[in-house]
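Asks: Here it is, the structure, as structure tokens.
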Amino acid sequence: MSTIIVFVEQTDGAVKRAGLEALGAAQAIGADTVAVLAGPGAAAAAATLSGASIALTGDSWSPDGCATDLAAIVKEKSAAAFLCASTSTGRDVAPRVAALCDSTVFTDCTDLCKDGDAIHVQRPWLAGKLTATLKSNAPVLCATLRRNTFAPVEATGGGAVEERAMTVGKTVLTGIAAKESGKLDVSEAPVVVSGGRGLKEAGDFAMIEGLAAAFGNAAVGASRAVVDMGWRPHAEQVGQTGKTVSPGLYVAVAISGAIQHLAGMKTSKVIVAINKDADAPIFKLADFGIVGDAYEIVPALTEAVKAAKAEG
Ligand SMILES: Cc1cc2nc3c(=O)[nH]c(=O)nc-3n(C[C@H](O)[C@H](O)[C@H](O)COP(=O)(O)OP(=O)(O)OC[C@H]3O[C@@H](n4cnc5c(N)ncnc54)[C@H](O)[C@@H]3O)c2cc1C
């Protein structure tokens, strides 16, 4: 099989897990991969990988400049495909690369498969009601991959790193002011505890935060209903018009399970639903369902998680 170019995101020399997952997806179908990392810290990050990589070095981040270089590498290597994670950066870069390669981009793919030498992708359609299998008639298949869906490669180091200067394009990032929230992002956390309109008021999310804190590696999520009421920020909204999450564990508390919510969390590995209505649609998807009052169950569950953690 020919080569797949994988854009692997990094920050100041630290490779992002989503990039390792994209590499894992490509290698799982037997492709030769070339990882491309870009921006400040790219060379140090590339040195942590075990396979071939190209570090696009530079003092600043330029999405269109990076895309120009990625498209050139795709052509130089006669690559069959270009992949990256479905992050905000990936979604910025991938369409630019696709346009420069006279291709289109398939977004948020949840599987890669081979048909002979051709690579096909799968992605959810109609808010996850259908799974579409797609092939590209363009010479290069370009796709972004959903996070927490593919097994990551191990970053054991020792791979050959080639350094090149990154092209400075028309857009240059001059700085980022990060909020000092210290909170895990809902789309990256291994555990997500989400609350819905069944909670009586915004302050009751303290209960959801308590359960998330007990897990220690959990982010708080929310349904659109509570975001629309101003109880939670949009950054926490899970669903069709919010974030797509695929954590190892998703706990839905007092969420009915509308199709638009399910679209954002149905690929979670284990789903636990807590709802007082035994007929709530969320129970059709849940691996474990608890029918009852969230105000009784969540505190008890929080104590049980704390106790289990204390026992190690
Ligand atoms: C175009 C479009 C896009 C949308 N995008 C999104 C999206 O991205 N994300 C999203 O979430 N929604 C989205 N929605 C809205 C979606 O259709 C639902 O309205 C929303 O998900 C409902 O939120 P909910 O489950 O919190 O509230 P509800 O549907 O009101 O459900 C509340 C649930 O809480 C349960 N409950 C009540 N009290 C308790 C209690 N004490 N203990 C336990 N359970 C209790 C009830 O039985 C009920 O099942 C979208 C809608 C449209 C039209």
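The values are calculated or read from the model by the stated rules, or taken from the named source; none is laboratory data. Since we're looking at a predicted model, the values are computed, not measured. Reconstructed Cβ throughout: ideal geometry from the backbone, glycine too, with neighbour counts over all protein chains shown. In case anyone asks, the SASA skips ligands and DNA or RNA and just uses the protein heavy atoms, side chains included. Shrake-Rupley method; radii C 1.70, N 1.55, O 1.52, S 1.80 Å.
Asks: On the basis of being open to solvent by 20 Å² or more (accessible area, probe 1.4 Å), at positive phi, hydroxyl-bearing (Ser, Thr, Tyr) and not in a strand (DSSP E or B), does residue 78 make the cut?
Replies: Working: open to solvent by 20 Å² or more (accessible area, probe 1.4 Å): yes; at positive phi: yes; hydroxyl-bearing (Ser, Thr, Tyr): yes; not in a strand (DSSP E or B): yes.
Criteria met by residue 78.
Asks: Would it be correct to say that residue 165 is open to solvent by 20 Å² or more (accessible area, probe 1.4 Å) and either in contact with a strand residue (DSSP E or B) (Cβ under 7 Å, 6 or more places away or on another chain) or among the aromatic types (Phe, Trp, Tyr) (or both)? I'd like the intermediate steps shown before the answer.
Replies: Details: open to solvent by 20 Å² or more (accessible area, probe 1.4 Å): yes; either in contact with a strand residue (DSSP E or B) (Cβ under 7 Å, 6 or more places away or on another chain) or among the aromatic types (Phe, Trp, Tyr) (or both): yes.
In short, yes.
Asks: Is it the case, given these coordinates, that residue 28 is under 15 Å from residue 9 (Cα atoms), open to solvent by 30 Å² or more (accessible area, probe 1.4 Å) and aliphatic (A, V, I, L, M)? Step through it out loud before you land on a result.
Replies: Numbers: under 15 Å from residue 9 (Cα atoms): no; open to solvent by 30 Å² or more (accessible area, probe 1.4 Å): yes; aliphatic (A, V, I, L, M): yes.
Taking the combined requirement at face value, the residue does not satisfy it.
Asks: Anything in the range 246-259 that is out of contact with any Pro (no Cβ under 7 Å at 6 or more places or on another chain), farther than 13 Å from residue 196 by Cα and either in a loop (DSSP other than H, G, I, E, B) or near the ligand (Cβ under 9 Å from one of its atoms) (or both)? List them, or say none.
Replies: 246, 259 - these are the residues of the range 246-259 that are out of contact with any Pro (no Cβ under 7 Å at 6 or more places or on another chain), farther than 13 Å from residue 196 by Cα and either in a loop (DSSP other than H, G, I, E, B) or near the ligand (Cβ under 9 Å from one of its atoms) (or both).
Asks: Hey, another quick one. Are any residues in the range 8-22 open to solvent by 10 Å² or more (accessible area, probe 1.4 Å) and not hydroxyl-bearing (Ser, Thr, Tyr), and if so, which ones?
Replies: Taking the range 8-22 as the starting set, the residues that turn out to be open to solvent by 10 Å² or more (accessible area, probe 1.4 Å) are 9-18, 20.
Hits for the range 8-22 are 9, 10, 12, 13, 14, 15, 16, 17, 18, 20.
Asks: Next question. Can you find a residue that is part of a loop (DSSP other than H, G, I, E, B), touching a residue at least 40 places away in the same chain (Cβ under 8 Å) and within 28 Å of residue 110 (Cα to Cα) anywhere in the range 233-242? Walk me through it before giving the result.
Replies: As a first pass, look at the range 233-242 and keep what is part of a loop (DSSP other than H, G, I, E, B): 233, 239-242.
Filter once more, keeping what is touching a residue at least 40 places away in the same chain (Cβ under 8 Å): 240.
Narrowing the set further to residues that are within 28 Å of residue 110 (Cα to Cα) leaves 240.
Yes: the range 233-242 contains one or more residues that are part of a loop (DSSP other than H, G, I, E, B), touching a residue at least 40 places away in the same chain (Cβ under 8 Å) and within 28 Å of residue 110 (Cα to Cα).
Asks: Going through 43, 72, 94, 67 one at a time, which residue ends up being touching a Cys at 6+ places or on another chain (Cβ under 9 Å), at negative phi and part of a helix (DSSP H, G or I)? Can you show your working first?
Replies: Working: 43 fails: touching a Cys at 6+ places or on another chain (Cβ under 9 Å); 72 fails: touching a Cys at 6+ places or on another chain (Cβ under 9 Å); 67 fails: touching a Cys at 6+ places or on another chain (Cβ under 9 Å).
None of the other options fit; the residue is 94.
Asks: Kindly provide the set of residues from the range 131-155 that are in a strand (DSSP E or B) and small (Gly, Ala, Ser), ordered by number.
Replies: Taking the range 131-155 first, the residues in a strand (DSSP E or B) are 131-135, 141-145.
If the condition is that a residue be in a strand (DSSP E or B) and small (Gly, Ala, Ser), then 132, 143 are the ones that fit.
Asks: Can I ask one more? Please verify whether the range 289-296 includes one or more residues that are open to solvent by 60 Å² or more (accessible area, probe 1.4 Å), at pLDDT 95 or above and in a helix (DSSP H, G or I).
Replies: Yes, the range 289-296 contains at least one residue that is open to solvent by 60 Å² or more (accessible area, probe 1.4 Å), at pLDDT 95 or above and in a helix (DSSP H, G or I).
Asks: Of all residues in the range 270-295, how many are free of Cβ contacts under 8 Å to residues at least 24 places away in the same chain and either in contact with a strand residue (DSSP E or B) (Cβ under 9 Å, 6 or more places away or on another chain) or near the ligand (Cβ under 8 Å from one of its atoms) (or both)? Lay out the reasoning, then the answer.
Replies: Of the range 270-295, the ones free of Cβ contacts under 8 Å to residues at least 24 places away in the same chain are 270-273, 277-279, 287-293.
Checking the rest, the ones that are also either in contact with a strand residue (DSSP E or B) (Cβ under 9 Å, 6 or more places away or on another chain) or near the ligand (Cβ under 8 Å from one of its atoms) (or both) come to 270-273, 277-278, 287-293.
Number of matching residues: 13.
Asks: Sort through 158, 210, 198 and tell me the only one that's open to solvent by 20 Å² or more (accessible area, probe 1.4 Å), on the phi > 0 side of the Ramachandran plot and outside any strand (DSSP E or B).
Replies: Just one listed residue meets the conditions, 158.
Asks: Filter the range 72-88 down to residues that are over 24 Å from residue 30 (Cα atoms) and over 11 Å from the mean Cα position of the chain (by Cα), then give me how many there are.
Replies: Total satisfying the criteria: 0.
Asks: Can you tell me which residue is farthest from residue 130 (Cα to Cα) among those in the range 221-245 that are crowded, with 21+ Cβ neighbours inside 10 Å and more than 10 Å from the ligand (Cβ to nearest atom)?
Replies: For the range 221-245, the residue satisfying everything is 232.
Asks: On to the next question. Counting only residues that are assigned to a loop (DSSP other than H, G, I, E, B), over 21 Å from the mean Cα position of the chain (by Cα) and not basic (Lys, Arg), how many does the range 161-195 have?
Replies: Kept after step one, since they are assigned to a loop (DSSP other than H, G, I, E, B), are these residues of the range 161-195: 166-172, 174-190.
Adding the requirement that they be over 21 Å from the mean Cα position of the chain (by Cα) leaves 166-172, 174-175, 177, 180.
Filter once more, so that each one left must be not basic (Lys, Arg): 166-169, 171-172, 174-175, 177, 180.
Final tally of qualifying residues: 10.
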